[in-house]
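Q: Got a structure for you, written out below as structure tokens; questions coming shortly.
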Amino acid sequence: MIEGPLERFLFSSRWLLAPFFLGLVFTLPILLLKALKELAHLIANAWTASESEVILGVLAFVDLTLMASLIVIVIFSGYENFVSRIDASKHRDWPEWMGKIDFTGLKLKLMSSIVAISAIQVLKTFMNVGNISDRDIMWHIVIHLVFVGSGLVMALTDRVSEGGAKRIDKSASPAG
């Protein structure tokens, strides 16, 4: 008697996630402003900057671009996985991958993006090694390795659980 209304209420509660995704949309213009500022600085100093300074500026721009892409992935994949499907037929330029990322794929894409962003930070550290303490360099490397290790463990865990799910499916089938 109470089960039906409770389940409908719980299912409807997924809409409480929508404001989080909307909040993420509002972070994109902030990243855009930072990226435009970085680009303007890069252009203004292009003739006088050293090669290392130009590379650091480009890496900062790539870093912001990756972060913005990561936010878009989280917005669309998270919304589709947890809130509601988006009718892609109404959007001519809808990327094919967007409707096909499940929670596992979303986790792996997020972790891959975080590792890429972390790698860029380590590269920026190495490009600026003369101005950074050995302790800070060590921590950048350690943090990056933790992200890499976490990504590998996450991928391995998903791979193992996926294999277990396939074995269960085969044993449950009439032919298995």
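Q: I'd like to verify a number: residues in the range 74-92 that are among the aromatic types (Phe, Trp, Tyr) and free of Cβ contacts under 8 Å to residues at least 40 places away in the same chain, how many?
A: Total satisfying the criteria: 1.
Q: If I filter the range 88-104 for residues that are under 25 Å from Val148 (Cα atoms), at pLDDT 85 or above and part of a helix (DSSP H, G or I), do I get at least one hit?
A: No, the range 88-104 contains no residue that is under 25 Å from Val148 (Cα atoms), at pLDDT 85 or above and part of a helix (DSSP H, G or I).
Q: Kindly list the number of the only condition in (1) small (Gly, Ala, Ser); (2) out of contact with any Leu (no Cβ under 8 Å at 6 or more places or on another chain); (3) closer than 30 Å to Glu80 by Cβ that fails for Ala40.
A: Unmet for Ala40, out of (1) small (Gly, Ala, Ser); (2) out of contact with any Leu (no Cβ under 8 Å at 6 or more places or on another chain); (3) closer than 30 Å to Glu80 by Cβ: (3).
Q: Something else: Scan Leu56, Leu6 and give me the residue that is within 18 Å of Ile117 (Cα to Cα) and either surrounded by 15 or more Cβ atoms within 10 Å (Cβ to Cβ) or without any contact (Cβ under 8 Å) to a residue 60 or more places away in the chain (or both).
A: That would be Leu56, the only listed residue that is within 18 Å of Ile117 (Cα to Cα) and either surrounded by 15 or more Cβ atoms within 10 Å (Cβ to Cβ) or without any contact (Cβ under 8 Å) to a residue 60 or more places away in the chain (or both).
The values are calculated or read from the model by the stated rules, or taken from the named source; none is laboratory data. These figures come from a predicted structure and were not determined experimentally. Every residue, glycine as well, gets a Cβ built from its backbone with ideal geometry; the counts of neighbours run over all protein chains shown.
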